[in-house]
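Undergrad: The structure under discussion is supplied below as structure tokens; questions concerning it will follow.
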Amino acid sequence: MRNSFSSKIKILALALSVVMALTAFPWHGKTAHAVAGCINQHQVWDGDTISGIAAKYRVDPYELAAANGITNPRFIKIGDVLCLDGLVSAQPATGQPAQNPPPATGGPIVPVTPPTTPPLIGGGAQSVNLSGRTYTTDASGYYTVQHGDSLFRVGLAFGVTAAQLAAVNGIPNANLIVTGQRILVPPATPSAPVPGSIPAVSIQPDLAGPGDTVTVRGYNYPPNATVNLYLEKTSLNRKSNILTSVKTDANGTFTTSIVLPTAWPDGTPINTRTVSISGRSTDNVFWGMNFFINKAWLNAQPVG
């Protein structure tokens, strides 16, 4: 009888330990950790990787990481929820068959009525070549969606985010853009510096390549100080020669334009996905840094 009672105690103890273990396990439910405003989500499970998730949904792994603010794709956690809105290709309009991109001489497109009262003014006429494709807006700032487009890629071309494009155009599901749809592209704004009182820089546009001219703004530097600007890739321990030197104003800010070099000082082409521009004081005590997406790298990637 005593052995039977002892066995029951052991079973109860074991059951309790299992319950405690399950309670302590960091379980993340889809509902509790859903991404606000995101329609197309993926919850990370054991064994998931950024490249594997990207392959599953047929999106670019770098774009998936960037769209979700992931700076190190090797470190995603079980239970994380990734948003895929704006990453998938544009779909044919309802009732229309999928079609190949129209030939250069023109082809049929599906007309879609643009919003009648756009909430923002468009960025005007622009033409950007990216990955073998030309992205062009008309004088009013409207872009016509091509087969295979995604909001992420269109936004990247014009220096705005997929979320901005969706908001400006009243698109409830960023994945449901269609060929022929006219999308208002708002003016690009400078990439924001890290908030706080430490020195920081912003770059406009934040998609640029060798030979392009970009505008660099500095914040929170000492007043009336000389700042040297460099191109850097810290993970590869690479740094350019001084691109230009500027002097800050009484508020510790500056604005200047620089032409991006085509190679590092040793002649190696600048072909990494991202590159940073740094602003360092002459004594190297005060410095800020921000990155841009390298158009040369992006142009080498196939369009999905």
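Laboratory data are not the source of any read-out in this text; all were calculated from the coordinates shown. Computed from a prediction, not measured in an experiment: that's the story for all the values here. Here the Cβ positions follow ideal geometry from the backbone for every residue, glycine too, while neighbour counts run over all protein chains shown.
Undergrad: First measure r as the distance between the Cβ atoms of Asn173 and Ile242, then evaluate 1/(1 + (r/R0)^6) with R0 = 51 Å and state the FRET efficiency to the nearest 0.05.
TA: 0.60
Undergrad: Put a dot 7 Å past each Cα toward the Cβ at Asn72 and Thr215; how far apart are the dots in nm?
TA: 3.5
Undergrad: Taking the highest mean first, how do the peptides 71-77, 229-235 order by number of other beta carbon atoms within 10 angstrom per residue? Please report the intermediate quantities before stating the final value.
TA: Values: 71-77: 10.9, 229-235: 16.9.
Highest to lowest by the protection proxy: 229-235, 71-77.
Undergrad: Right, something else. Would you mind putting 239-248, 269-278 in packing order, based on average other-beta-carbon counts within 10 Å, highest first?
TA: Result, highest mean first: 269-278, 239-248.
Undergrad: Please compute the length gained on full extension between Val285 and Ser51, using 0.36 nm multiplied by the number of residues separating them and subtracting their Cα-Cα distance.
TA: 80.4 nm
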